[in-house]
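Participant: Dumping the structure here so I can ask a few things about it.
The values are calculated or read from the model by the stated rules, or taken from the named source; none is laboratory data. Note that the structure is a prediction, hence the values are computed from the model and not measured. Please note: Cβ atoms are built from the backbone with ideal geometry, for glycine as well, and neighbour counts cover all protein chains shown.
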Amino acid sequence: MSEDGMDIRGGESGLAADLEAMRSAAHLLDGVSGDLTGTALAVGCLAADAGLSRTVLLDPIGVAAAEQELISSLAGPDGLVPCAVRLQGLAAGISAAAALYGETERATAQLLEGLADGVAEAAGAATSTAVTSGLPLTTVAVADGFIVWAAWRAAPPVWDEVQLTGADIAAGRFRFDSLDDRYRRVGERQHLGMRDDVLNGRDDVLTWLAAHPRVAEQLVTSTPAFLDGLTGPLVVPRRLPVNGSTPSGGSRNGVVWPPEDPSELAALLSALGASAHLLVDGRVEVRPVRSSRSDSPSPAATGVTGALQRLAPYASADPAQQSRIRVERIQRGAATSWSVYIPPTQTWRFDGGANPFDGSSNVRSVGGQSTAAASAVTQALAASGARRGEPVMLSGYSQGGLTAAQLAADPDFRKEFSVSTVLTVGSPVAGFDVPDDVQVLSIEHEQDLVPALDDGRNPDARNWTTVRRDLEAPDALGQQLAAELERNAFAGHGLEHYVDTAELVNGSRDRSVTAWQRAAAPFLDTAGAEVEVMEWKARRVEE
Amino acid sequence: VAVQEVAGRVLPGATDVEAVLRMARRARELADQAADAASRARAVEGVEWRSVAAEQFRDALRSCCGQLDACAERLELAAAVLVRHASTAEVRLAAAHAVLENMP
């Protein structure tokens, strides 16, 4: 659903279909319709029973009334016969929808994934040939072999065409035969644009990617296939003998080659990095730095906007705010709940520095591995006194959202704490398997590179609502932001713009958004509750 | 006997009243069948399918189930009307017999 420049997916009003359940439903309705036909026939026989005609002289009015009820239940506009026909129609409808969804899914998967991997592999193989032929492997070679292709694959009109509603699919308004041609035409335009900007030196690759987040998303998704193509001529074992740690902290023997998704790629990077003392996890300690009581935050600090205002200090460059985690204990009578605010990346160090909210935690969490940041949050929550059974909400911006989703998906963390609600802002969280009983709201900007750094769109699940806003919407604000994005391709990730979006989310009447707001209200709108704010400073220590 | 001859006149007999009561019981059975069909069809509402088309499907299904409930109620009403008719017929039949038997 579109609203105020926001595209809202998932949650209560999202698109989702369990094809097998739909087929079973069609079968059931078909059976009910058949049974009803039998019932209707029996009612017809009853109405025509000679028994009534023999007693008509004794009570003609009674006979007329009985006949009228029987006949109206049988054949009136709302009678059994029309009902049986309507149910038959509904059975056919849901059966057709399931068949079309299945066909759409299959064809889309074949077209997008098959095409994607095939071309990425071919690009990798071409680059590999260039290397083995003695040509230098330069950024330009990689760009020409791969990034250009990613641009081709991310062609916006194709995305728009694939994103149809169930009604469109059911009505057959989606044709696959023209898609391939459209893909190629639009891809050629993208290719030429990118060549102009990057290959002719008018822009650097990173800036260009920041300005084209969907291309970056495709790039990340397809890197594994590219690597596979790159090493095609070499004999590489399926499992490389380097050690990587699992999310629960254990170790496994080697990492998978070729990595098949961004998570395996990140695991490979951190395993390789470990041998150079990079991307390390490390041990973390937390210590209290502040504890204060307040009856409630200011009225403005409610809803999603309030959550972002609480996160804002941690996104600043203020050294005093580094490595801090905010935990709120919310007391309403005897009921206790907890709200945790997790910082974004505060340093881009990868060498195990003191601040756990660093580049290492970023890469490791994408790889589904234990992180110092997650460990710090776990310790802060435990030290604050949270116990299992007391509802917990995790909120985070950028890496903070990544950590929030990682913890919500971590069975070990959920054994200890009862996560009920998650808010992620500008975070690449599509790869996390968050359980159905956790209500997630993810806010992303079309022009933000960071949430694009996962392997696809967030799940369109009943418990997971994603608000994606186009900052360059055709209005006055959009024009202003477009000018800013022209100057700074990374502006789409700015917290100040996410605060604007949060205000739109607060005012949204979308059913998925309001369902999440209901779930989050006890944590975000704390009027009348007693709130204790605790801040913890986390520090990575030497092993 | 289907009919009785009383004082040279033919009237409906007790077995005809019984037949009407049997019809009433049958109408109740059919009402139960219609209500059961509505209940089974309603279970489909819970199928995991969310989209604009799914909402339209659920609206149509709810309307159809509501109509089936109404059919079941009309069949129940028909059964009640039949029972009342059987009772009326029985009373009037007895009265007719009494009148005919006492005719000079």
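Participant: Name the single residue, out of those in the stretch A:45-71 being within 60 Å of the chain's Cα centre (by Cα) and either more than 7 Å from chain B (Cβ to nearest Cβ) or surrounded by fewer than 18 Cβ atoms within 10 Å (Cβ to Cβ) (or both), that is nearest to residue B:89 (Cα to Cα).
Facilitator: If we take residues in the stretch A:45-71 being within 60 Å of the chain's Cα centre (by Cα) and either more than 7 Å from chain B (Cβ to nearest Cβ) or surrounded by fewer than 18 Cβ atoms within 10 Å (Cβ to Cβ) (or both), then A:67 is nearest to residue B:89 (Cα to Cα).
Participant: For the structure I just gave you, tell me whether residue B:19 is buried (at least 16 other Cβ atoms within 10 Å of the Cβ) and either more than 24 Å from the chain's Cα centre (by Cα) or at pLDDT 90 or above (or both).
Facilitator: Taking the combined requirement at face value, the residue does not satisfy it.
Participant: Out of all the residues in the stretch A:395-414, is one or more within 25 Å of residue A:498 (Cβ to Cβ), in contact with a strand residue (DSSP E or B) (Cβ under 6 Å, 6 or more places away or on another chain) and surrounded by fewer than 24 Cβ atoms within 10 Å (Cβ to Cβ)?
Facilitator: No, there is no match, as no residue in the stretch A:395-414 is within 25 Å of residue A:498 (Cβ to Cβ), in contact with a strand residue (DSSP E or B) (Cβ under 6 Å, 6 or more places away or on another chain) and surrounded by fewer than 24 Cβ atoms within 10 Å (Cβ to Cβ).
Participant: Follow-up. Going by what's in this entry, would residue A:447 be described as over 15 Å from the mean Cα position of the chain (by Cα), away from every other protein chain (no Cβ under 14 Å) and closer than 25 Å to residue A:366 by Cα?
Facilitator: When the stated conditions are applied, residue A:447 passes them.
Participant: Being closer than 19 Å to residue A:291 by Cβ and at pLDDT below 85 is the filter here; which residues of the stretch A:306-335 pass it?
Facilitator: The answer is A:320, A:321.
Participant: Check off (1) in contact with a helix residue (DSSP H, G or I) (Cβ under 9 Å, 6 or more places away or on another chain); (2) in a helix (DSSP H, G or I); (3) in contact (Cβ under 8 Å) with a residue 60 or more places away in the chain; (4) surrounded by fewer than 24 Cβ atoms within 10 Å (Cβ to Cβ) for residue A:383 and give me the number that stays unchecked.
Facilitator: So the condition that residue A:383 fails would be (1).
Participant: Let me ask another. With the structure loaded, tell me whether residue B:100 is more than 7 Å from every other protein chain (Cβ to nearest Cβ), part of a helix (DSSP H, G or I) and either touching a residue at least 60 places away in the same chain (Cβ under 8 Å) or under 21 Å from residue A:69 (Cβ atoms) (or both) or whether it fails that test.
Facilitator: When the stated conditions are applied, residue B:100 passes them.
Participant: What's the total number of residues in the stretch B:82-94 that are in contact (Cβ under 8 Å) with a residue 12 or more places away in the chain and facing chain A (nearest Cβ under 9 Å)?
Facilitator: Total satisfying the criteria: 6.
Participant: Among the residues of the stretch B:45-67 satisfying the criterion of being part of a helix (DSSP H, G or I) and in contact with a Lys or Arg (Cβ under 9 Å, 6 or more places away or on another chain), which is farthest from the other protein chains (Cβ to nearest Cβ)?
Facilitator: Here the answer is B:62.
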